[in-house]
Amino acid sequence: MPERAWKDDGVAGVLEEAIKKASIAWISVGDGPAYALWCMPVETSLAVVTGPGEQFAPGLAEATRATVRLRGDHGGLIVQTEATVTRLDPAGEEWAEIAPQLAGKRLNASGSADEVAARWAADCAVLRLTPAEQALVAGPDLGTDLGAAAPRETPARVPTRKPFRLHKVVKR
């Protein structure tokens, strides 16, 4: 079990409370875009799964550090921190403790929690993101920037056409 990485002060309390209540975190690697990923609180860190058939998080499985943004009860950003990314070993103790719990929380999973965890061991990466003390930003230090980015290009967009009209519309 990792030691608590931050001191006991107000900002750390906000982070700890945000982690306890987290079900979704905005996670980015390097200068890449942030992705909304479902997660599970594990002590003072977050557990996330990524890979084929699971959530898309490019570069997260290979990363050693990531930026984690958590929201509060009101839905807005309340804390942002750098986190160390640790990939759990399917043969390790942490895997045996965390993966079945995470699989049990996986919505719409095909199969039991043990079957899902076995599939993750073969195809996916289960990661533990532990916040770093020196990179913690909360409250007024977050600034006024909304953090919104322009929509990414996607093949799902289609051009809009003019509506079909059976008869000519006469202007009066």
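The values are calculated or read from the model by the stated rules, or taken from the named source; none is laboratory data. In this text, all values refer to a predicted model and were calculated from it rather than measured experimentally. For neighbour counting, all protein chains shown are included, and Cβ atoms are generated from backbone atoms with ideal geometry for every residue, glycine included. All accessible areas refer to the heavy atoms of the entire protein, side chains included, with ligands and DNA or RNA removed. Shrake-Rupley method; radii C 1.70, N 1.55, O 1.52, S 1.80 Å.
Annotations for the structure displayed:
- Share of carbon and sulfur in the accessible heavy-atom surface of segment 18-127 [1.4 Å probe, %]: 52 percent
- The convex hull built on the alpha-carbon positions of segment 1-127 has an orientation-averaged projected area of 7.8 nm².
- Top positive-direction residue, dipole computed over segment 1-116 with Cβ charges, set Gly75, Gly111, Ala91: Gly75
- Net charge dipole size for segment 16-101 [Lys, Arg +1 and Asp, Glu -1 on Cβ; Debye, nearest 20]: 320 debye
- For segment 92-97, 3J(HN,Hα) per residue [Karplus equation, 6.51 cos²θ - 1.76 cosθ + 1.60, θ = phi - 60°, Hz, x = Gly/Pro]: x, 5, 4, 4, 4, 7
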